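S.K.: Structure below; questions to follow.
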Amino acid sequence: MDVQPEGDAPPVLRVVEPGELVQVMTEASGTHLLLTDRRLIVASGERLALDISFSELRRIQFDIERQRPATLVIVPEDPRHDGAIARALGRANDGTEAP
């Protein structure tokens, strides 16, 4: 999908370049994850936490544990760049709110 930011659109869409195609955009606990045909972008509010091409990506780790929120960890190949962590809030298996 070709996305252009509009009035109430998430700020992360401002970094999408002309002609760049957004494949997936999701949000968890205030952190936006954007996957385009060129790169992976993670932003929290106005702050851009990670903006890397696929060739700069080392690892994506998705941790799901009972009684805890799911955690997505994105690790870039270059150790000079900080990784990004997104925690998804939801319900624990027993129906209570996850911490």
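S.K.: I'm trying to understand the selection: among the residues of region 43-61, which are closer than 11 Å to ILE85 by Cβ and out of contact with any Asp or Glu (no Cβ under 8 Å at 6 or more places or on another chain)?
M.R.: Matches in region 43-61: SER44, GLN61.
S.K.: Report the residue count in region 17-31 for those that are in contact (Cβ under 8 Å) with a residue 24 or more places away in the chain and of a type in the set (Val, Ile, Thr).
M.R.: 1
S.K.: Still on this structure, please answer the following. Within region 62-83, can one find any residue that is out of contact with any Pro (no Cβ under 8 Å at 6 or more places or on another chain), among the basic types (Lys, Arg) and modelled with pLDDT of 90 or more?
M.R.: Scanning region 62-83 turns up no residue that is out of contact with any Pro (no Cβ under 8 Å at 6 or more places or on another chain), among the basic types (Lys, Arg) and modelled with pLDDT of 90 or more.
S.K.: Testing ALA28 on (1) at pLDDT below 90; (2) more than 10 Å from the chain's Cα centre (by Cα), one condition comes back false. Which one is that?
M.R.: Only one criterion is unmet by ALA28, namely (2).
S.K.: Next up: So, in region 32-69, of the ones that are free of Cβ contacts under 8 Å to residues at least 24 places away in the same chain and of a type in the set (A, V, I, L, M), which residue ends up surrounded by the most Cβ atoms within 10 Å (Cβ to Cβ)?
M.R.: The residue in question is LEU34.
S.K.: Among the residues of region 33-46, which ones are at pLDDT 90 or above and not hydrophobic (A, V, I, L, M, F, W, C)?
M.R.: Within region 33-46, THR36, ASP37, ARG38, ARG39 meet the criteria.
The values are calculated or read from the model by the stated rules, or taken from the named source; none is laboratory data. For clarity, every value in this text was computed on a predicted model and none was experimentally measured. Neighbour counts are summed over all protein chains in view; Cβ atoms, including those assigned to glycine, are modelled from backbone coordinates with ideal geometry.
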